[in-house]
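Data first, discussion second: the structure below is written as structure tokens.
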Amino acid sequence: VDGQIRAASVTKSFTATVVLQLVEEGEVALDAPVDTYLPGLLRGDGIDGRRITVRQLLQHTSGLPDYTPYLDDLVANRHRYYEPRTLLDVALRHKAGFEPGTGWRYCNTDYVVAGLLIERVTGRPVGEEITRRVIDRVGLRHTYFPAQGEQTLRDAHPHGYVATKPDAPLLDVTEMDPSAAWAGGALISTPSELNRFFRALLDGELLHPEQLAQMRTTVAIPADAGYPPGTRFGLGLAGYRLSCGGLMWGHDGDFLGYATYPFATDDGRAATIAVTADPGPTDHGRQHALRLASTGLCE
């Protein structure tokens with residue numbers, strides 16, 4: 001019960017929080033080009049870091065190509081370590097999806113770049129900055145950013161499984177190297193601690209009001225993006241319509257073996273749904289989990 005899980009892309013909310021703290025400190029400007037901090041890093045077919053802003057990275061409006069579809073079989077290579085620059089190089093071999101700021105597409109590459117930006121500005125590893133600025137600040141005792149090469153979960157945990165195709169036998173992938181997700185998805189946490197994080201975030205414990213308002217400033221996403229109608233994305237934070245009215249704020253995450261759906265409301269309610277098979281044996285799990293989270297928050 002309440003064991004450790006791979007929080008997957010929920011990590012993006014932690015990474016975005018660190019970037020916004022750097023904005024508070026005057027070290028980063030949201031509307032500055034990425035080249036201001038990582039000169040010459042983003043160059044490719046339709047890709048130019050002089051025209052992509054920090055805000056566009058955090059909001060998935062950069063147009064950068066996502067590296068994830070181009071990696072070798074993640075199940076077969078789940079014990080492989082990937083350098084962040086390797087992930088970025090995979091992405092940069094492909095054409096931009098759209099001009100920066102003219103569209104929206106979920107993109108893990110955005111958060112690899114955000115992680116590199118944090119490291120360049122602070123001079124420290126991104127995992128250390130997430131730990132110092134977020135995890136320790138709100139007292140999360142069972143949440144951590146894995147060390148390089150760390151493949152196991154440290155405390156009691158459910159196992160995670162994948163089905164390589166619908167109705168296929170489940171394969172245990174609990175032990176794996178999460179570096180393929182890095183600053184966009186490597187975090188380990190528990191459901192109750194993800195509830196604590198999102199409550200603290202919305203309550204202003206981690207960001208000043210101006211930066212929290214920026215985080216919650218959302219854009220519409222395409223109808224075919226795979227999210228429930230009305231979902232809007234901010235800076236590492238998404239707003240989903242509740243079935244009883246209003247919004248729940250959070251960020252879903254899915255990686256090999258685990259899918260995680262943590263959400264909180266402005267009045268302090270929070271719920272996290274943790275699924276221990278991803279990809280699962282059916283293709284309806286994501287929608288079911290989102291509906292369950294909404295139902296729980298509306299009861």
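Using amide H atoms built 1.01 Å from N in the peptide plane, name the residues 5+ places from Y161, or on other chains, whose amide H lies under 5 Å from its own.
The answer is V173, G257, A277, D278.
Which Cys in the chain stand alone, with every other cysteine's Cβ at 4.7 Å or more from theirs?
Cysteines of the chain left without a disulfide-compatible partner: C107.
With the cut-off at 1.5 for a/c, could you classify the stretch 126-244 from its C-alpha gyration tensor as rounded, prolate or oblate?
Details: a/c = 2.04, a/b = 1.17, b/c = 1.74.
Taking the square roots of the gyration eigenvalues as a ≥ b ≥ c, the stretch 126-244 is oblate.
Report the semi-axes of the equivalent ellipsoid for the stretch 79-128 in whole Å, largest first, where each axis is √(5λ) for an eigenvalue λ of the Cα gyration tensor.
They are 22, 15, 9 Å, listed largest first.
For the stretch 131-243, with the dipole built from +1 on Lys and Arg beta-carbon atoms and -1 on Asp and Glu ones, taken about the Cα centre, which of T164, L242, S189 lies farthest toward the positive end?
Working it through, the farthest residue towards the positive pole turns out to be L242.
I'd like the carbon and sulfur percentage of the solvent accessible area for the stretch 12-170, probe radius 1.4 Å, heavy atoms only, ligands and nucleic acids excluded. Working shown, then result.
On the way: 3370 of 7110 Å².
The nonpolar share, carbon plus sulfur, comes to 47 percent.
Determine the relative contact order of the stretch 246-299: mean sequence separation of Cα pairs under 8 Å and six or more apart, normalised by residue count, in whole percent. Before the final figure, lay out the partial values.
Values: 75 pairs, mean separation 16.6, N = 54.
The value is 31 percent.
In nm, what is the difference between 0.36 nm times the number of residues separating E299 and R50 and their Cα-Cα distance?
Here the answer is 84.9 nm.
Gain in length, L170 to R269, computed as 0.36 nm per residue apart minus the alpha-carbon separation, to one decimal in nm?
Numbers: separation 99, 0.36 × 99 = 35.64 nm, distance 3.37 nm.
So the chain would gain 32.3 nm between L170 and R269.
With no solvent and one equal point scatterer placed on each C-alpha of the stretch 1-106, evaluate the Debye formula and give log10 I(q)/I(0) for q = 0.18, 0.19 Å⁻¹, two decimals.
-1.01, -1.10
Got a sec to turn the phi values of the stretch 45-57 into Karplus ³J(HN,Hα) couplings, 6.51 cos²θ - 1.76 cosθ + 1.60 with θ = phi - 60°, whole Hz, x for Gly and Pro?
5, x, 10, 8, x, 7, 10, 10, 9, 4, 4, 5, 4
Would you mind calculating the gained length between A220 and R154 on full extension (0.36 nm times residue separation, minus the Cα-Cα distance), in nm to one decimal? Kindly include the intermediate steps, with their values, before the conclusion.
Details: separation 66, 0.36 × 66 = 23.76 nm, distance 3.82 nm.
Residue separation times 0.36 nm, minus the Cα-Cα distance, leaves 19.9 nm.
Counting pairs of Cα atoms in the stretch 191-283, how many percent are more than 21 Å apart? Present the calculation step by step, with values, prior to reporting the outcome.
Working: 1477 of 4278 pairs.
Above the 21 Å cut-off, the stretch 191-283 has 35 percent of its Cα pairs.
Can you give me the long-range amide H partners of I47? Hydrogens built in the peptide plane at 1.01 Å from N, cutoff under 5 Å, separation of 5 or more residues or another chain.
Amide H to amide H, under 5 Å and 5 or more residues apart or across chains, I47 pairs with A96.
What number, in nm² with one decimal, is the all-direction average of the projected area of the convex hull of the alpha-carbon atoms of the stretch 57-214?
Numbers: hull surface 44.1 nm².
Averaged projected hull area, Cα only: 11.0 nm².
Work through the residues other than L58 whose Cβ is under 10 Å from its Cβ and net out their charges, Lys, Arg +1 and Asp, Glu -1.
+1
Given a 1.4 angstrom probe, I'd like the percentage of the accessible area of the stretch 195-238 that is carbon and sulfur, rounded to a whole number. Show your work: numbers first, answer last.
Numbers: 960 of 1910 Å².
Taking all protein chains in place, the stretch 195-238 shows 50 percent carbon and sulfur surface.
Return the FRET efficiency for the residue pair E205, R124: r is the Cβ-Cβ distance, R0 is 22 Å, and the value is rounded to the nearest 0.05.
On the way: r = 22 Å, r/R0 = 0.99.
The calculated FRET efficiency here is 0.50.
Under a Cβ-only charge scheme (Lys and Arg +1, Asp and Glu -1), can you give me the dipole magnitude of the stretch 156-299 about the Cα centre, in debye to the nearest 20? Before the final figure, lay out each step's value.
Values: 9 positive and 16 negative charges, 74 e Å.
I would put it at about 360 debye.
For the chain, what is the convex hull (Cα atoms) projected area averaged across all directions, in square nanometres? The partial results should precede the final answer.
Working: hull surface 56.4 nm².
Here the figure is 14.1 nm², rounded to one decimal.
The values are calculated or read from the model by the stated rules, or taken from the named source; none is laboratory data. What you are looking at is a predicted structure, and each value in this text was computed from that prediction instead of being measured. Note: ideal-geometry Cβ built from the backbone for every residue, glycine included; neighbour counts use all protein chains shown. Accessible surface areas use protein heavy atoms only, side chains included; no ligands, DNA or RNA. Shrake-Rupley method; radii C 1.70, N 1.55, O 1.52, S 1.80 Å.
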